[in-house]
Structures are given as structure tokens and as C-alpha cells.
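Reviewing the structure listed below.
Readers should treat all values here as calculations from the given coordinates under stated rules, not as data from a laboratory. If you're wondering where the values come from, they're calculated on a predicted model, not measured in any experiment. Cβ placement follows ideal geometry from the backbone for every residue including glycine, while neighbour counts extend to all protein chains displayed.
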Amino acid sequence: MRAAAGGAHASTAAAIADRFRFVRRHVWLWGTLLSAAIAYLAFLGPTEALLPYMVRNELHASAGSLGLVFAAGGVGAVAMGSHGQPRRDVTFMYVTWTLATLAVAGYGLARSTAQLMLACFAFNALEVAGTVVWMTIKQRHVPATCWAASRASTG
């Protein structure tokens with residue numbers, strides 16, 4: 001990282017360029033960012049519209065039923081978010097995110113509110129498990145100077 005006097009970057013543009021160079025040098029970082037961007041575009045948006053549609057138009061259920069589906073997802077997220085860091089963290093992250101992506105199929109296959117709740121529980125549990133590991137990996141492997149310098153250049 002090139003820094004100006006006092007440790008701050010000469011400009012915000014230089015700080016951004018340094019961050020892009022750092023990401024480009026680390027395949028695990030840019031590969032994960034790219035795959036997550038594609039995955040979110042491919043399934044997260046559609047699922048956000050699919051669940052309310054399924055509950056209302058396919059199951060002819062109420063907003064309360066949709067609330068139960070979302071609550072089941074919240075329970076799954078809390079349940080998986082409290083586990084420790086796995087030994088093979090990158091492998092674990094990709095496996096859980098892959099399984100979460102496959103769990104989205106449960107939304108389309110569900111024929112009852114209980115089945116939607118199960119699919120939402122599985123999806124959120126797996127998604128959060130991978131995301132917690134991802135955030136921990138970033139904190140451990142991206143140098144503190146990147147975080148400190150980016151705060152100094154924007155603040």
C-alpha cells in the first residue's frame with residue numbers, strides 16, 4: 001500500500017486503486033466476490049419475490065403464514081450463526097453456499113406453508129453459516145492496514 005505522509009492515502013482514488021490491486025492478487029478474495037455477485041443476482045432477487053407470491057397465489061395463505069415462513073428462516077440463521085470457525089473454512093463456505101443455492105428449489109417444490117418454512121429454514125441456516133465464515137476469513141486474511149487506510153481516506 002502506498003501511503004502519503006501521516007499514513008493516509010494521497011487521494012481516495014489512490015486508496016481505491018490500492019484496494020483493487022490487493023483483491024486482484026488474491027484469487028480466494030476476488031473469486032468469492034465474483035461468485036457471490038452472480039449467485040445473488042441469479043437467486044436472491046427471484047426468491048424475494050417468489051415467497052410472497054407462493055404464499056398468496058399458490059397456497060392461498062395469509063400474511064401471517066408468510067411471517068411464519070420468514071420466522072423459520074430467522075431461526076435457521078440464528079441456529080447456524082452461533083457455531084465456531086471450521087477447520088477448512090473456504091471449503092466449508094463454498095459447500096454451505098452451494099447447498100443454500102440448492103435449497104432455493106424447496107421454495108418452488110413446496111406445497112404447504114410448513115414445507116416453505118422448512119425450505120426457508122434450510123436456506124437461511126446454510127447462507128448464514130457460509131457468510132459468518134466469509135466475514136471471519138476476510139477479517140483474518142485482509143491486512144489491517146487495508147481497513148485502517150480505507151477509513152482514513154474516507155473519513
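In the set Val95, Val90, Val78, Val104, which member is free of Cβ contacts under 8 Å to residues at least 60 places away in the same chain, aliphatic (A, V, I, L, M) and surrounded by 14 or more Cβ atoms within 10 Å (Cβ to Cβ)?
Val95
Looking at (1) farther than 30 Å from Ile137 by Cα; (2) exposed (fewer than 14 other Cβ atoms within 10 Å of the Cβ); (3) not acidic (Asp, Glu), which is the one condition that is false for Arg25?
Condition not satisfied by Arg25: (1).
If we scan the range 102-119, do we find a residue that is part of a helix (DSSP H, G or I), in contact with a helix residue (DSSP H, G or I) (Cβ under 8 Å, 6 or more places away or on another chain) and within 28 Å of Val27 (Cα to Cα)?
yes
In the range 50-75, what count of residues is obtained for those that are of a type in the set (A, V, I, L, M), surrounded by fewer than 19 Cβ atoms within 10 Å (Cβ to Cβ), under 21 Å from the mean Cα position of the chain (by Cα) and under 13 Å from Phe121 (Cβ atoms)?
Qualifying residue count, the range 50-75: 2.
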